[in-house]
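Remarks on the structure that follows.
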Amino acid sequence: MSSSVAYRKRWQLDVSRGVDRSLTDLGPVVEHLGALLDAGLSASRIGRLAGVSPTTVRRCVAGHYEHLQQRTARRLLAVSLPHAVAAPVTHGRVPAVGARRRIAALLALGWTHQHITAAMRTTGTHQRSALVLRQPGDQVEYATWAAIAAAYDDLSMTPGPSRVTARRAAALEYAPPLAWDDDTIDDPAATPNLGAPPADARHDDVVDDAVLDRVLSGIPTATTSAERAALIPVLAARHMSDREIAALCRTTDRTIQRTRVRLGVRSQWGAAA
């Protein structure tokens, strides 16, 4: 059977099943995929998460297609950087920047490489944190990233025992965990929040009053870092837990906890109203 006949038969089958076979412009898809690849994601990982072949990802970016099926475009556009890095898909490499930022942040707290590596071993990897921090290249294996993320979750809200390590990390200007949000720490373009606004305003510093109104009305809405900083004191005063605030702000409870601590806001969850 020729390829054209096979394609026509597939097209007829999809039409009979009600599958949308219409085509869409490739521009937004190419831009999106380019950003993911530039961030350090592999075409293999993007393809697996989107349910398409890595070859399709590469051909899209290389300009081999003029149009793309809408359903394929939707799948590719749905792959976001935070989800793609953290998704439990063991095949494929992920950007190393988030793993290195987590290690540096733990060092800033006073956790030594020995402590970090010991916490990493609970996930079954034998990679050493010092090697991950210093090795060349922009990517690490997903298993290594997951091991470091697990160690970070276990240690990042507790001061480590080594003042020497913390002083060395401070001299190297390593940002501590409170300077990072969980939903941006793996983004190469993200910068740590060290208590002072950056010289050039980023979109994460924008506060949309409409977003604040929706969240305060109980409507879950995606929020920027600046919006969360404005919302957390108000929502915490309503005796809401970090998890409840995270659900409204469309982020993780760990991010809410870190931001709340950074702002000096005490949790009133469980306290008498």
Across region 237-261, the tally of residues that are surrounded by fewer than 19 Cβ atoms within 10 Å (Cβ to Cβ) and part of a helix (DSSP H, G or I) stands at 6
If we ask which residues in region 30-64 are touching a Leu at 6+ places or on another chain (Cβ under 9 Å), closer than 19 Å to Asp187 by Cα and of a type in the set (Val, Ile, Thr), their number turns out to be 1
Would region 70-83 turn up any residue that is at pLDDT 85 or above and outside any helix (DSSP H, G or I)?
-> yes
With criteria (1) assigned to a helix (DSSP H, G or I); (2) modelled with pLDDT under 70; (3) out of contact with any Lys or Arg (no Cβ under 8 Å at 6 or more places or on another chain); (4) not aliphatic (A, V, I, L, M), Asp14 comes up short on (3)
If we keep only residues of region 48-69 that are among the hydrophobic types (A, V, I, L, M, F, W, C) and assigned to a helix (DSSP H, G or I), then the residue farthest from Glu31 (Cα to Cα) is Leu49
Flagged pairs (Cβ under 7 angstrom, 6 or more apart or on separate chains; first in region 158-175, basic (Lys, Arg); second open to solvent by less than 20 Å² (accessible area, probe 1.4 Å)) are Arg163/Gly110
*Inspect all residues belonging to region 220-236 and state whether any of them is of a type in the set (Lys, Arg), surrounded by 18 or more Cβ atoms within 10 Å (Cβ to Cβ) and either within 21 Å of the chain's Cα centre (by Cα) or at pLDDT below 90 (or both).*
yes
Checked against (1) over 22 Å from Gly40 (Cα atoms); (2) open to solvent by 10 Å² or more (accessible area, probe 1.4 Å); (3) touching a Pro at 6+ places or on another chain (Cβ under 6 Å), Gly110 satisfies every condition except (2)
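The values are calculated or read from the model by the stated rules, or taken from the named source; none is laboratory data. The model shown is predicted, which means the values in this text are computed figures rather than measured ones. In this analysis, Cβ positions are derived from the backbone assuming ideal geometry, glycine residues included, and neighbour counts consider all displayed protein chains. We work out accessible area using only protein heavy atoms, side chains counted, and drop any ligands, DNA or RNA first. Shrake-Rupley method; radii C 1.70, N 1.55, O 1.52, S 1.80 Å.
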